[in-house]
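*Asks:* Encoded as structure tokens, here's the structure I'll be asking about.
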Amino acid sequence: MESKDIVIAIDGPSGVGKTTVARMVADRLGLKAVSTGALYRAVALHFLRRGLSPENPEDVKKGLKDLNVHQEYINGEIRTFLNGEDVTDSLDTVEVSDMASRVAAVKDVREFLLDVQRRLAEGGAVVEGRDIGTVVLPDADVKIFLDASTGERARRRYEQLRAEGVNVSYEQALEDVKSRDIRDSSRTVAPLRRAEDAIYVDTTHLTVEEVVNRIIKIVRELVP
Ligand code: DC
């Protein structure tokens with residue numbers, strides 16, 4: 001199989017480094033990277049801007065009507081578009097994060113994004129999220145489940161936010177990771193769980209490069 005046709009699903013909890021790893025794996029294999037979390041965040045931004053509540057079915061209907069969410073992989077960067085506007089730089093706020101986990105619990109939102117995600121994977125891609133190997137792309141060529149201890153994920157989240165100039169404490173990052181774990185795993189619609197045929201990679205004691213090398217090795221073994 002040509003590298004360009006390979007579909008790689010990377011799932012795992014928040015703060016494990018899925019987006020970074022997906023981009024690096026994509027670049028090594030000449031594929032595009034897709035961040036499905038950013039798609040949920042774009043829907044969340046839309047609901048926030050329009051003052052819509054994901055818990056209100058009428059609002060959900062309004063929110064999904066005439067909504068266009070899209071993603072492109074441009075020069076190694078994942079850019080996310082909301083009705084044609086590049087909103088990538090507005091997606092990493094606490095408000096958007098909170099709203100993203102609320103919209104992600106709504107069945108109609110998940111169905112809406114299912115098609116978007118499948119279309120983005122066409123022709124080969126490294127797709128990261130929570131339910132890629134289980135629901136979105138059950139036939140993916142390679143399925144990886146990335147994990148790390150809660151403390152290590154909080155540390156990574158803390159360092160990422162500090163690097164972006166966001167003023168948070170480690171304790172806040174830890175609370176954020178813990179509360180998102182609870183919301184992601186306990187919701188009834190597509191909770192986070194590992195696909196039976198996903199390869200489990202514990203990244204707690206690995207560097208990003210080591211994680212990427214391990215995934216590339218797995219891909220080479222599974223896709224001759
Ligand atoms: O990975 P992230 O933090 O950007 O994801 C944002 C939210 O979307 C998070 O609450 C989990 C949810 N999500 C999901 O339910 N399914 C996906 N495939 C990707 C993200």
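*Asks:* For segment 104-176, rounded, prolate or oblate, judged on the Cα gyration tensor with a ≥ b ≥ c (square roots of eigenvalues), a/c < 1.5 rounded, else prolate if a/b > b/c?
*Replies:* prolate
*Asks:* Calculate, in nm to one decimal, what Asp5 and Ser169 gain on full extension: separation in residues at 0.36 nm each, minus their alpha carbon distance.
*Replies:* Full extension from Asp5 to Ser169 adds 54.8 nm.
*Asks:* When the scattering of segment 1-102 is computed by the Debye formula from its Cα atoms alone, each counted once and equally, what is log10 I(q)/I(0) at q = 0.15, 0.24 Å⁻¹?
*Replies:* Each listed q maps to, in turn, -0.67, -1.28.
*Asks:* Same structure again: Looking only at Cα atoms, what is the convex hull volume of the chain per residue, in Å³?
*Replies:* In the chain, the Cα hull volume divided by residue count equals 117 Å³.
*Asks:* Okay, moving on. Need one number: nm distance between label points at Asp59 and Thr93, each 7 Å from Cα along Cα→Cβ, rounded to one decimal.
*Replies:* 1.7
*Asks:* Quick check on segment 1-49: what does the Kirkwood estimate of hydrodynamic radius come out to from the alpha carbon pairs, in Å?
*Replies:* About 12.3 Å for segment 1-49.
*Asks:* Enter the accessible area per residue of the chain (Å², integer; probe 1.4 Å; all protein chains in place).
*Replies:* For the chain, the per-residue accessible area is 49 Å².
*Asks:* Rounded to the nearest 500, what is the chain's calculated 222 nm mean residue ellipticity when only DSSP H runs of at least 4 contribute -39500 (n - 2.57) each, over all residues?
*Replies:* My calculation for the chain gives -15000 deg cm²/dmol from helical runs alone.
*Asks:* I'd like the Kirkwood hydrodynamic radius of segment 84-215, using the inverse of the mean 1/r over distinct C-alpha pairs, in Å.
*Replies:* Hydrodynamic radius (Kirkwood, Cα only) of segment 84-215 equals 16.5 Å.
*Asks:* At a 10 angstrom cut-off on C-beta neighbours, averaged per residue, how do the peptides 18-26, 125-133 rank from highest to lowest?
*Replies:* 125-133, 18-26
*Asks:* Pulled fully out, how much extra length does the chain show between Ser149 and Asn75, if you take 0.36 nm times their separation in residues and subtract their Cα-Cα distance?
*Replies:* Contour length minus the Cα-Cα distance gives 23.5 nm.
*Asks:* Modelled label-to-label distance, Ser185 and Glu111, 7 Å Cα→beta-carbon offset: nm?
*Replies:* Modelled inter-label distance: 2.9 nm.
*Asks:* So how do 31-40, 114-123 stack up, highest first, on mean other-Cβ count within 10 Å? Walk me through the intermediate numbers first.
*Replies:* On the way: 31-40: 24.6, 114-123: 15.3.
Top to bottom by mean Cβ count within 10 Å: 31-40, 114-123.
The values are calculated or read from the model by the stated rules, or taken from the named source; none is laboratory data. Bear in mind that the values here come from a model prediction, so they are computed numbers and not experimental data. Reconstructed Cβ throughout: ideal geometry from the backbone, glycine too, with neighbour counts over all protein chains shown. Surface accessibility is based on the protein's heavy atoms, side chains included, excluding ligands, DNA and RNA. Shrake-Rupley method; radii C 1.70, N 1.55, O 1.52, S 1.80 Å.
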